[in-house]
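Since the structure comes first, as structure tokens, the remarks are kept for the end.
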Amino acid sequence: MLGAILGDMIGAPYEFDRGDKTKDFPLFIEASRFTDDTVMTVAVAEALLDNIGKTDDVITSALTDSMQKWGRRYPNAGYGGMLRHWLTSEHPKPYGSFGNGSAMRVSPAGWLGNSIEEVRHLAALTAAVTHDHPEGIKGAEAAASGVFLARSVRSKDEIREYIIGEYGYDLSRTCDEIRPYYRHVETCQETVPEAITAFLEGNDFEDVIRTAVSLGGDCDTLTCISGGIAEAFYGIPENIANEGLSRLTPDVRSVVDRFYKAIAEEA
């Protein structure tokens, strides 16, 4: 979860191709602050922590309530237009989106599920409250599966083959091949494969983050997805984790702390 938050923070200043598509940049600057990616990740984490093991209807209702609560608490975090309307709706309904928002917020499901099947099911629930298009659900499932596999099978080759086999994403391109033409796009179809590729190419947590940011485009969300998987595979260096934690507001930090306490108790 913190890996996803760090990816959001570190990528945010370079979103909309404001960087130079390079891996050589300061990891934290004054503008390295969390955005809607983090707010929605925290909302998902809180809902799942409170309701894991309950019925799908209960979890779905909790996800809706939590996302609305956190979205209203941070109304200027950078939501897309459809989600912004959903967050303030009296009777929110899914709106058929295949945007990458479903994949950016899903990393907690990759930790809280005890099997790949449970992880995929939880991921689908977290997506479907808004992003009920098949590609939106697929993107969330793929990202959460990456987290679960990264913390369990410990083999990038196995992760690659699973994602290709189950979701049909093209993971054959290198980041050097993607980078020159990649642009700001907010669909799962053109964010999740690139994020997973950045993870697969990276040599450690920081290198994954730098590689993802270097692709450009919607790189706070792309790096959020990559960072969530990279944390599960590599862990996070203490100095990077501490810097990220220091930039969280107390309410966000409290959910993060609670999440890791729950993970530790399950270990």
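The values are calculated or read from the model by the stated rules, or taken from the named source; none is laboratory data. None of the values given here were measured: they were computed from a predicted structure. Cβ atoms come from the backbone with ideal geometry, glycine included; neighbour counts cover every protein chain shown.
Has the range 174-186 got any residue that is of a type outside the set (Phe, Trp, Tyr), under 19 Å from Val119 (Cβ atoms), modelled with pLDDT of 95 or more and surrounded by 14 or more Cβ atoms within 10 Å (Cβ to Cβ)? No, every residue in the range 174-186 fails to be of a type outside the set (Phe, Trp, Tyr), under 19 Å from Val119 (Cβ atoms), modelled with pLDDT of 95 or more and surrounded by 14 or more Cβ atoms within 10 Å (Cβ to Cβ).
With the requirement that a residue be aliphatic (A, V, I, L, M) and more than 22 Å from Leu248 (Cα to Cα), what does the range 68-111 give you? Correct list: Met82, Leu83. One residue alone among Ser89, Ser97 is surrounded by fewer than 22 Cβ atoms within 10 Å (Cβ to Cβ), modelled with pLDDT of 95 or more and not in a helix (DSSP H, G or I), and that residue is Ser89. All conditions in (1) assigned to a loop (DSSP other than H, G, I, E, B); (2) touching a helix residue (DSSP H, G or I) at 6+ places or on another chain (Cβ under 8 Å) hold for Asn76, with the sole exception of (2). Considering the conditions (1) under 18 Å from Asp20 (Cα atoms); (2) surrounded by 13 or more Cβ atoms within 10 Å (Cβ to Cβ); (3) over 16 Å from the mean Cα position of the chain (by Cα), Tyr169 is excluded by exactly one of them, (1).
Let's see how each residue does on (1) polar (S, T, N, Q); (2) without any contact (Cβ under 8 Å) to a residue 12 or more places away in the chain; (3) touching a strand residue (DSSP E or B) at 6+ places or on another chain (Cβ under 8 Å); (4) outside any loop (DSSP other than H, G, I, E, B):
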{"residue": "Pro193", "(1), (2), (3), (4)": "no, no, no, yes"}
{"residue": "Phe199", "(1), (2), (3), (4)": "no, no, no, yes"}
{"residue": "Gly217", "(1), (2), (3), (4)": "no, no, no, no"}
{"residue": "Gly228", "(1), (2), (3), (4)": "no, no, no, yes"}
{"residue": "Ser254", "(1), (2), (3), (4)": "yes, yes, no, yes"}
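If the condition is being surrounded by 13 or more Cβ atoms within 10 Å (Cβ to Cβ) and part of a helix (DSSP H, G or I), then the range 236-250 contributes Ile240, Ala241, Glu243, Gly244, Leu245. Residues of the range 14-60 that are polar (S, T, N, Q), surrounded by fewer than 19 Cβ atoms within 10 Å (Cβ to Cβ) and not in a helix (DSSP H, G or I): Thr22, Thr55. Among the residues of the range 124-137, those identified as crowded, with 24+ Cβ neighbours inside 10 Å and assigned to a helix (DSSP H, G or I) are Thr126, Ala127, Gly136. The condition of being without any contact (Cβ under 8 Å) to a residue 12 or more places away in the chain, small (Gly, Ala, Ser), under 24 Å from Ala12 (Cα atoms) and out of contact with any strand residue (DSSP E or B) (no Cβ under 6 Å at 6 or more places or on another chain) holds for only one of Gly101, Gly81, that being Gly81. Residues in the range 162-205 that are acidic (Asp, Glu) and in contact with a Phe, Trp or Tyr (Cβ under 9 Å, 6 or more places away or on another chain): Glu190, Glu194, Asp204.
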